[in-house]
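Just so you know, all these numbers are worked out from the coordinates, no wet-lab data involved. A quick note: this is a predicted structure, and the numbers were derived from the prediction, not measured. Please note: Cβ atoms are built from the backbone with ideal geometry, for glycine as well, and neighbour counts cover all protein chains shown.
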Amino acid sequence: MERSHVTTSTASLRDIDKANMLGAIAQLPAHLRDGFARASDARTLVERTWPRESHAGSATPRTLVVCGMGGSGVGADLLPAVFDTNAPVVAVKGYDLPAWVSDEDRVVCVSYSGNTAETLRCFEVAMQRSVVAAVITSGGKLGELARERDLPVVEIPGGLQPRAAVGLLFGALAGIAEALNVVDRDVASIIEDAASGAQLIIDSNADLDGGTEPPALMYARDLKDSTIVVCGASESVAVAHRWKAQLNENSKVPAFASSYPELDHNELVGWTRARETGGRWSLIELVPPNVDAALMARMDITRELIGDALQASLRFEPLSATRAGALFELLVLGDYISAYLALASGIDPSPVERIESLKQRLAGR
Ligand code: PA5
C-alpha cells in the first residue's frame, strides 16, 4: 500500500488530544469487565422484571428491545453480533417503541448522559407498557426517573465521551441480557475474549513514543481528506457502523457504512462515477470472523472493479480465533484510526460541538 510521507511529531499529536481520547480507547478491556460486573451486581433486580410465572414459565422474553442513540446505541448492534442470542435483539434508535412491544418483551434504555431526548421518550413509553428491564446510564434524568420507580439502574462512571464508554455500556448490556436469559452460554468468558481481542490492537497502537508510528496512524494518513465508506459483512456490519460513527465524531469527516453482499447489487454501479462528484473516496473492508471463500472472492472482485475510484482501499482481517475477540479487534482498530485521523489533521477527537449545539437548540424549543 502507498503511504503518504507527511509526518507530525508524535508529541505534538498527544498535545492535540486534550481530553485524552487515546487513553480512553486503551481502557476498553478494563471497561468491558467493569460494565459486566456492574450489571451482575444488579442481576437479582433485573431478573425480577421478568417474572417467569406471569409468562407461562418462559425463561426468556420474546424480544429484547434496546433503546439508545449514537455512542449509547452501539451495544444494541453489537450484542447479537457477538453472542448467539435466545431471542431477537431489536435496536430502537428514535423517539418511539414499535407498536408490537408488549408485556412479552423487555426493554433496556441506554443513555450515557441520561439526558437524551429520544431515549427518555422511549423510556416513558416503555414505562406505560410496563416493559422496562433496566436502564444503563451514568446518571441524568434517566437515572433519576428509573430510581423513582424502583427500576434496575446499572450506573456506569461519568466523565467520558459516550462513544468512549462503549466497553462499559456493552459489558453492562451483556450482563442484563444474561440476567434475562437472552444470552446464556459462557457470557463471562466471551467478555474476556472481547477484552483480549481489544488488547491485541491496543498493544500495537497505543504507544506513540516507540520510535515507529503505530499502524493505525499510518492507515489514518492514507485516509486523510477523503470520504470514507466502511463495509462489513455478517457480524462485522455492526462494527462497520461503529467505525462510521467514530470517523464522523472523532475525525469529523463524512463517512458511511455499508454491507456485503448487498452493496454488490447497487453501490458497485454507483462507484462508476465517484470521481465525477469531485470528492476523494476511500474504502475500508472489515472481514468478518470465519469468513467463507465465496464472500472473499466477492470482496476481491469488487475491489478490482471499483479500485479506480479510490484514494485508499484498506482491508482488515482479525487475528483472534474467537468471534468476540475478532469483532472487538476490528472495533478498537476503528477507534484508533478515527482518533489518529483527527490528530493527524490537527483536530481534537473528543469535542462534538455540533451535537451539543443541536441538543441545546432543540431544548430551547
Ligand atoms: O458520542 C456521542 O457523543 C453521541 O453519539 C451520543 O452518544 C448521543 O448523542 C447520545 O447521547 P447519550 O449517549 O448521552 O445518550
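Values as computed for the structure displayed
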| read-out | value |
| --- | --- |
| Calculated Rg and Dmax of the chain using C-alpha coordinates, Å | 20.7, 66 |
| Label zone at residue 319 (point 7 Å along Cα-to-Cβ), backbone N below 19 Å, the stretch 331-364 | 331-337 |
| Links that overshoot a 21 Å alpha carbon limit, given the list 224/359; 93/224; 93/244; 18/359 | 224/359; 93/224; 18/359 |
| Unit charges at the beta carbon, dipole of the stretch 176-241: most positive-side option, 194, 219, 205 | 219 |
| Dipole of the chain, positive direction: furthest Cα of 316, 330, 258, with charges on the beta-carbon | 258 |
| 3J(HN,Hα) from dihedral phi, the stretch 349-362, Karplus parametrisation 6.51/-1.76/1.60, rounded to Hz, x for glycine, proline | x, 6, x, 10, 4, 5, 5, 4, 5, 4, 4, 5, 5, 5 |
| Ascending count of other beta-carbon atoms within 10 Å, so fewest first, for 272, 85 | 272, 85 |
| Dipole in debye (nearest 20) - the chain, about Cα centre, beta carbon charges: Lys, Arg +1; Asp, Glu -1 | 940 debye |
| Tilt relative to the chain, helix 293-306 - C-alpha long axis, 0 to 90 degrees, to 10 | 50 degrees |
| Spacing of the two label points (7 Å from each Cα toward its C-beta) at residue 59 and residue 209, in nm | 5.1 nm |
| Between helix 187-205 and the chain: long-axis angle, C-alpha atoms, 0 to 90°, nearest 10 | 20 degrees |
| Listed peptides 88-94, 250-256, 13-19 by packing density, highest first (mean Cβ within 10 Å) | 250-256, 88-94, 13-19 |
| In degrees, nearest ten, helix 166-179 long axis to first principal axis of the chain (Cα) | 40 degrees |
| Where labels lie 7 Å past Cα in the beta-carbon direction, separation of residue 185 and residue 124 in nm | 4.2 nm |
| Full-stretch length increase - residue 365, residue 16 - with 0.36 nm per residue and alpha-carbon distance subtracted | 122.2 nm |
